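Novice: The following block contains the structure, expressed as structure tokens.
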Amino acid sequence: MISVACLTKGSTSDEAARYLLNGRGADIQYAYHRLIADVFLSTAEGKTDYSIIPIENTIDGSVSLHTDWLVDEVNLPIQAEWVYPSIQNLIGDASELAPDGELAYGKIVKVMSHPVAMAQCTQYLKRHLPHAELEHVSSTAEAVRIVRDNPGRGWAAIGQVSAAADNELSLLESAVTDHDNNYTRFLLVGQQPFTLRESQTHKTSILITLPEDYPGALHQVLSAFSWRRINLSRIESRPTKKKLGNYYFLIDIEMSMDTILLPSAIAEIEAIGCQVRVLGSYPSFKYESPEQS
């Protein structure tokens, strides 16, 4: 049996986890948590084999809190990455908010959701619900549960289809995200290599801390990859939290560590005084809709 820590049941993380893991010939046990800290700690403390971490979104960009936990708080290697569509929906009690079969926006006085999900629906909310109070909660699934437990108050939630079904609420309006190509990138982190699926694409993520007072260090780092024709899919800077103006760089590389070129590039970077930490070398999976798979 494989045990997996995840954000709450009915969340995008839950649906994404099942997309990656279910039907792969393994018995999966899910441990659900309201807070991302508890998801990380579940695996860091050995209670679960893996954690599911949403790390980046098409619209909202990187999830800084989750990145900082991965880098600063735990030592959990990345074992896989995949993308999953973040399709948000307006959820509530149809008998209250659409009594005649047509959604009555004026009856909605509050909309609840996770801040990232809310940000993905900014234009929809401005256009249809400018009068409604917007409230952030710990997850989309939590928002749906709160709406379920407070009938008759004019509350609605932004969340997933599965959460609406689990809580016996209605889809008041489907696909309310502002962009059709809204995807979230997820990481599977833990100590055990991921073997349930195979991919032709592999990546390696590294953390680089530059030496102080070294002009041109970042240029030299990038040159180590450039002249070897190693493709970088993502570069992000984050504060080290040690001194104002000090940053480390997160780099995703489209190459496995099981090559000659990448270890030699890292050795060159270390030779100029940079600190390099490998966060993981792992398979990368693109999303395939049920019609494609």
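The values are calculated or read from the model by the stated rules, or taken from the named source; none is laboratory data. Everything quoted here is computed from the prediction, not taken from an experiment. A quick note on method: Cβ atoms are made from the backbone with ideal geometry, for glycine too, and the neighbour counts reach across all protein chains shown. For the accessible areas, the whole protein counts, side chains as well, though only heavy atoms, and no ligand, DNA or RNA atoms are used. Shrake-Rupley method; radii C 1.70, N 1.55, O 1.52, S 1.80 Å.
Novice: Got a number for carbon plus sulfur as a percent of segment 54-213's accessible area, 1.4 Å probe?
Specialist: Here it works out to 46 percent.
Novice: Let me know the Rg and Dmax you get for segment 185-273 when you use only its Cα atoms, in Å.
Specialist: My reading of the Cα-based Rg and Dmax gives 14.6, 45 Å.
Novice: To the nearest 20 debye, what charge dipole does segment 147-232 have about its Cα centre, counting +1 at the Cβ of each Lys and Arg and -1 at the Cβ of each Asp and Glu?
Specialist: Dipole magnitude for segment 147-232 comes out near 400 debye.
Novice: A further question follows. Quick check for me: using +1 on Lys/Arg Cβ and -1 on Asp/Glu Cβ, what's the dipole size of the chain about its Cα centre, in debye to the nearest 20?
Specialist: 420 debye
Novice: Can I ask one more? Rounded to whole Å and sorted largest first, list the principal axis extents of the Cα atoms in the chain.
Specialist: For the chain, the Cα spread along each principal axis is 70, 45, 36 Å.
Novice: Based on the alpha-carbon gyration tensor of segment 226-293 and its eigenvalue square roots a ≥ b ≥ c, which shape applies: rounded if a/c is under 1.5, prolate if not and a/b is larger than b/c, or oblate?
Specialist: oblate
Novice: Tell me, what does the Kirkwood hydrodynamic radius of segment 1-139 come to in angstroms if you use every pair of distinct C-alpha atoms?
Specialist: The Cα-based Kirkwood calculation yields 16.9 Å.
Novice: 222 nm [θ] for the chain, helices only, -39500 (n - 2.57) per DSSP H run of 4+, per residue, to 500?
Specialist: -7000 deg cm²/dmol
Novice: Another question, if that's okay. Tell me, rounded to the nearest percent, the portion of alpha carbon pairs in segment 71-205 spaced more than 17 Å apart. Intermediate results must be reported in sequence, preceding the final value.
Specialist: Working: 5655 of 9045 pairs.
When all Cα pairs of segment 71-205 are counted, 63 percent exceed 17 Å.
Novice: Residue farthest toward the positive end of the dipole of the chain, with Cβ of Lys/Arg at +1 and Asp/Glu at -1: which of Ile260, Ser13, Phe186?
Specialist: Ile260
Novice: Roughly how many nanometres apart are two label points built 7 Å out from the Cα toward the Cβ at Gln275 and Thr201?
Specialist: If labels sit at Gln275 and Thr201, their model points lie 3.2 nm apart.
Novice: Using a 10 Å cut-off on Cβ atoms, rank the peptides 230-243, 101-114 from the highest mean neighbour count down.
Specialist: So the order, starting with the most tightly packed, is 101-114, 230-243.
Novice: What accessible area per residue, rounded to a whole number of Å², is obtained for segment 169-268 using a probe radius of 1.4 Å?
Specialist: On a per-residue basis, segment 169-268 sits at 58 Å².
Novice: Another one. If you rank Val144, Val83, Val137, Val161 by how much accessible surface each has, with a 1.4 Å probe, what is the order from largest down?
Specialist: Working: Val144 0, Val83 45, Val137 25, Val161 80 Å².
Highest to lowest solvent-accessible surface, that is Val161, Val83, Val137, Val144.
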